1. What is the Rg over Rh value, at two decimals, for the range 38-101, using alpha-carbon atoms and the Kirkwood definition of Rh?
2. Could you sort Lys105, Lys136 by their accessible area in this structure, using a 1.4 Å probe and putting the largest first?
3. Where in the range 1-21 is the amide nitrogen less than 14 Å from a point lying 7 Å along the Cα-to-Cβ axis of Tyr147?
4. For the chain, modelled as a GNM with alpha-carbon contacts under 10 angstrom, which of Glu81, Glu128, Glu11 fluctuates the most?
5. Step through the residues of the range 8-18 one at a time and calculate ³J(HN,Hα) from phi using the Karplus curve (6.51 cos²θ - 1.76 cosθ + 1.60, θ = phi - 60°), rounding each to whole Hz and writing x for Gly and Pro.
6. If I model a spin label at Arg55 and Val73 as a point 7 Å from the Cα along the Cα→Cβ vector, what separation in nanometres do I get?
7. Run the helix sum for the chain: -39,500 (n - 2.57) per DSSP H stretch of 4+ residues, divided by residue count, reported at 222 nm to the nearest 500 deg cm²/dmol.
8. Carbon and sulfur atoms: what percent of the 1.4 Å accessible area of the chain do they account for?
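The values are calculated or read from the model by the stated rules, or taken from the named source; none is laboratory data. Since we're looking at a predicted model, the values are computed, not measured. Don't worry about glycine lacking a Cβ; one is built from the backbone with ideal geometry, like all the others, and counts go over all protein chains shown. Surface areas here come from the heavy atoms of the whole protein model, side chains and all, with no ligands, DNA or RNA. Shrake-Rupley method; radii C 1.70, N 1.55, O 1.52, S 1.80 Å.
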Amino acid sequence: LATDVIRRGIEILGGNGAMEDFSVLPRLLRDSIVFEAWEGAHNTLLAQSTRDLQRYRLHDPFCARLVDDFAAVGNDRGVAEVERVRGEIDAILALDERAAGVFFKPLADRLMWLFYLAALEREAEWEERHNRSLGKRDVIAWLWQRYIDRSETKDALKSMKQIADISSRI
C-alpha cells in the first residue's frame with residue numbers, strides 16, 4: 001500500500017509534493033517502487049507469507065500481542081475480533097498453498113487495521129488519563145466502521161471452498 005499512499009500524498013501536495021526540497025515524498029516513492037521490485041511481485045510475497053504462516057504459525061504471537069493490547073484497555077470487542085480473524089486465518093491456512101494465498105491478503109489487511117486500532121486505543125487511554133484527549137476515540141470509531149465492520153472475509157472463504165470443490169471435480 002505504500003506506493004499508493006505516497007502517490008496520493010504527492011497529489012494532495014500538488015507541485016510541492018513533487019519537489020524534493022519541499023517534501024521527502026519523491027524519494028519515498030522511488031524507494032517504495034524499488035522495494036516492490038526487489039522483494040518480488042505481490043503474488044510472490046503473498047505465496048511466501050502463506051507458506052511461512054503454514055509452517056511457523058507466525059500469526060499466533062502477533063494475534064496474542066493484539067489480544068493483550070486490547071485487553072489492557074478493556075476492549076472486549078477488539079479481543080473478540082482478533083480471535084475471529086485468527087480463526088479465519090487458521091481455516092484458510094488449512095487449504096492448499098495456492099488457495100490460501102488468494103484469501104490471505106484481506107485477512108492480513110484486517111490484522112493491520114486491528115494493530116492500528118490497538119495502538120490508537122492505548123494512545124487514547126494514555127491521553128484520557130492525562131487529560132489530553134485529542135479526539136482519538138472518534139478516529140477509532142471511524143476506523144472500526146470503515147475497515148473492520150464491513151469485512152466480507154466469511155463470504156470470500158465460502159466462495160473459495162466452493163471454487164476448490166468445483167476444481168477438485170474437474
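1. 1.07
2. Numbers: Lys105 80, Lys136 35 Å².
Descending accessible area places them as Lys105, Lys136.
3. What the label zone holds, given the 14 Å backbone N cut-off, is 1-2, 5.
4. Fluctuation is largest for Glu11.
5. 4, x, 4, 4, 4, 7, x, x, 5, x, 8
6. 3.5
7. Only helices count here, giving -26000 deg cm²/dmol.
8. 56
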